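The values are calculated or read from the model by the stated rules, or taken from the named source; none is laboratory data. What you see is a predicted model; the values in this text were computed from it and never measured. A quick note on method: Cβ atoms are made from the backbone with ideal geometry, for glycine too, and the neighbour counts reach across all protein chains shown.
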Ligand SMILES: *Cc1c(COP(=O)(O)O)cnc(C)c1O
């Protein structure tokens with residue numbers, strides 16, 4: 001065995017300003033270290049019930065079936081799709097980024113007919129295009145969109161698309177992996193039937209769980225299936241027997257992760273959802289002002305920006321990888337690179353949950369101001385910080 005495999009685990013401390021995971025509150029770290037319980041221990045069952053109650057509040061829903069799926073955000077996406085889709089069903093999916101693309105791929109694997117409504121990366125999906133797509137289909141089971149597209153930094157307006165889905169008799173499915181806890185999500189008011197998220201973005205827990213909620217209408221569709229859910233692990237008819245009153249073993253719950261989610265949700269709701277969204281709004285405004293003060297432009301307009309994730313146009317001539325490497329090695333700051341067509345064109349800067357603070361913004365801008373001149377982009381010293389300070393003060 002090499003020496004490297006020995007000794008105490010000692011990962012470096014990073015400021016995680018990428019597309020997730022984000023740093024977590026000390027209380028959440030402590031929750032992870034709490035004593036383990038068995039997955040059917042009455043004390044753990046009570047913690048599960050608390051978690052469900054808190055999750056309903058976070059999703060702003062009364063939905064009975066509201067649980068954390070074991071697995072990351074993509075498991076939530078998979079659970080959302082596989083439980084309501086049967087072979088031959090039609091699903092209309094908005095695709096204006098990487099995660100809409102992933103949804104299309106997953107839905108097609110369950111034998112659904114996928115109708116794509118597309119928009120260029122960095123723009124929002126237009127309701128008119130959904131209207132036209134829905135008109136062309138005899139019947140549609142699901143209309144699906146991503147709320148905050150983490151590949152582009154666009155926040156998708158939802159209400160008009162929800163109304164179009166309703167009028168067609170379709171379920172409305174929304175990915176809120178990056179928005180929940182960082183931007184307003186109102187499942188009941190907005191008519192969202194199936195909504196999933198992830199723990200490591202604005203909720204403020206480590207990666208590993210995917211909160212999911214189903215409206216009574218979506219539940220009725222699940223109960224009326226002609227075929228078994230094609231994914232045993234994510235089958236909500238089975239999972240509901242563990243999370244509901246039956247308490248039948250399905251798989252061993254990830255105990256410590258559920259502790260951490262419960263604690264993160266407590267912190268979120270103690271702050272208050274509106275206050276928390278306001279904090280994410282102000283942090284994003286500061287970051288954008290700071291970047292513009294340095295002469296760097298955001299990739300999406302203010303009107304459709306997702307506050308948890310800001311995409312930044314990499315200045316011409318600046319080496320994407322070299323700057324990100326220097327941020328990590330010299331300042332211990334992680335940011336994200338572009339995905340797909342945006343690779344090498346944008347940086348993705350997350351200000352999520354615990355990290356959405358003036359401190360994160362100043363730390364990042366200060367590091368960037370020092371690095372960019374070394375990488376071929378002139379910045380007048382202090383220009384970004386001054387603009388961010390001004391934004392903070394106003
Ligand atoms: C991160 C993310 C996912 C996938 O979540 P994982 O935890 O990486 O599996 C899905 N959708 C969106 C919008 C995301 O940002």
Test: residue 253 is assigned to a loop (DSSP other than H, G, I, E, B) and assigned by TED's automatic domain parsing to the domain that holds residue 100: yes
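Would you be able to say whether some residue in segment 144-163 is part of a loop (DSSP other than H, G, I, E, B), more than 16 Å from the ligand (Cβ to nearest atom), at pLDDT 95 or above and at negative phi?
Taking every residue of segment 144-163 in turn, none turns out to be part of a loop (DSSP other than H, G, I, E, B), more than 16 Å from the ligand (Cβ to nearest atom), at pLDDT 95 or above and at negative phi.
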Can residue 73 be described as within 21 Å of residue 238 (Cα to Cα), within 14 Å of the ligand (Cβ to nearest atom) and either buried (at least 22 other Cβ atoms within 10 Å of the Cβ) or assigned by TED's automatic domain parsing to the domain that holds residue 208 (or both)? yes
Can you name every residue in segment 171-196 that is surrounded by 24 or more Cβ atoms within 10 Å (Cβ to Cβ), more than 16 Å from the ligand (Cβ to nearest atom) and part of a loop (DSSP other than H, G, I, E, B)? 193
Just to be sure before I move on: is residue 289 surrounded by fewer than 15 Cβ atoms within 10 Å (Cβ to Cβ), outside the structural domain of residue 71 (by TED's automatic domain parsing) and in a helix (DSSP H, G or I) in the structure I sent? no
Yes or no: segment 229-240 includes at least one residue that is within 16 Å of the ligand (Cβ to nearest atom), surrounded by fewer than 22 Cβ atoms within 10 Å (Cβ to Cβ), more than 21 Å from the chain's Cα centre (by Cα) and not in a helix (DSSP H, G or I). yes
Somewhere in segment 93-111, is a residue away from the ligand (no atom under 16 Å from the Cβ), free of Cβ contacts under 8 Å to residues at least 60 places away in the same chain, touching a strand residue (DSSP E or B) at 6+ places or on another chain (Cβ under 9 Å) and part of a helix (DSSP H, G or I)? yes
